[in-house]
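Only one structure is covered here, and it is reproduced in the block below.
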Amino acid sequence: MKTRIPLPPWPERTDEPIDIKRRRLLYESRKRGMLENCILLSIFAKQYLNTMTYSQLQQYDRLINEPSNDWDIYYWATEAYPTPEVYQGEVMDLLKEFTKNRNHEQRLDAPSLEYLEEESK
């Protein structure tokens, strides 16, 4: 039987300025509990966060911060498991398509931390 450790509820941030939200999500995308998501989410964030609407940023924030298990996010993104309705939406669709890596890019490591500085300017 799989044991789940209860975590405090995820506090949705609705009063955060969009530039601060983007920078926080960029950082949180890179600092994951498992390497696979660190690589996948940090490259995804680097490519898409700057063009996401506030609503999309909220979806992404919920997706990467609410689930208690990083493996769940990975399995949903790779379509190994169905995505729960609460996380389904434009951002999850974009992440699933990104995960397919149709251009066969080498994604062996997360971007260097220097991109955080570039993105915040």
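Observations on the structure shown:
- From the options 93, 15, 72, residue that is charged (D, E, K, R), without any contact (Cβ under 8 Å) to a residue 24 or more places away in the chain and not in a helix (DSSP H, G or I): 15
- Qualifying residue in region 106-113 (condition: at pLDDT 90 or above, over 28 Å from residue 6 (Cα atoms) and of a type outside the set (Gly, Ala, Ser)): no
- Some residue of region 20-43 being of a type in the set (A, V, I, L, M, F, W, C), over 12 Å from the mean Cα position of the chain (by Cα) and closer than 18 Å to residue 109 by Cβ: yes
- Look at (1) in contact (Cβ under 8 Å) with a residue 40 or more places away in the chain; (2) of a type outside the set (A, V, I, L, M, F, W, C); (3) surrounded by 11 or more Cβ atoms within 10 Å (Cβ to Cβ) and you find that residue 4 fails only one, number (3).
- Selection within region 63-93: residues that are of a type in the set (A, V, I, L, M) and surrounded by fewer than 18 Cβ atoms within 10 Å (Cβ to Cβ). The member of this set that is nearest to the chain's Cα centre (by Cα) is 86.
- Selection of first residues in region 22-37 that are modelled with pLDDT of 90 or more and of second residues that are loosely packed, with under 15 Cβ neighbours inside 10 Å and of a type in the set (Gly, Ala, Ser), restricted to Cβ pairs under 6 Å at least 6 apart or on distinct chains, gives the following pairs, ordered by first then second residue: 23/120.
- Residue-level check: of (1) among the hydrophobic types (A, V, I, L, M, F, W, C); (2) surrounded by fewer than 18 Cβ atoms within 10 Å (Cβ to Cβ); (3) in contact with a helix residue (DSSP H, G or I) (Cβ under 7 Å, 6 or more places away or on another chain), residue 20 misses just (3).
The values are calculated or read from the model by the stated rules, or taken from the named source; none is laboratory data. Every value quoted in this text rests on a predicted model; they were computed, and no experiment measured them. All Cβ positions, glycine included, derive from the backbone under ideal geometry; neighbour counts span all protein chains shown.
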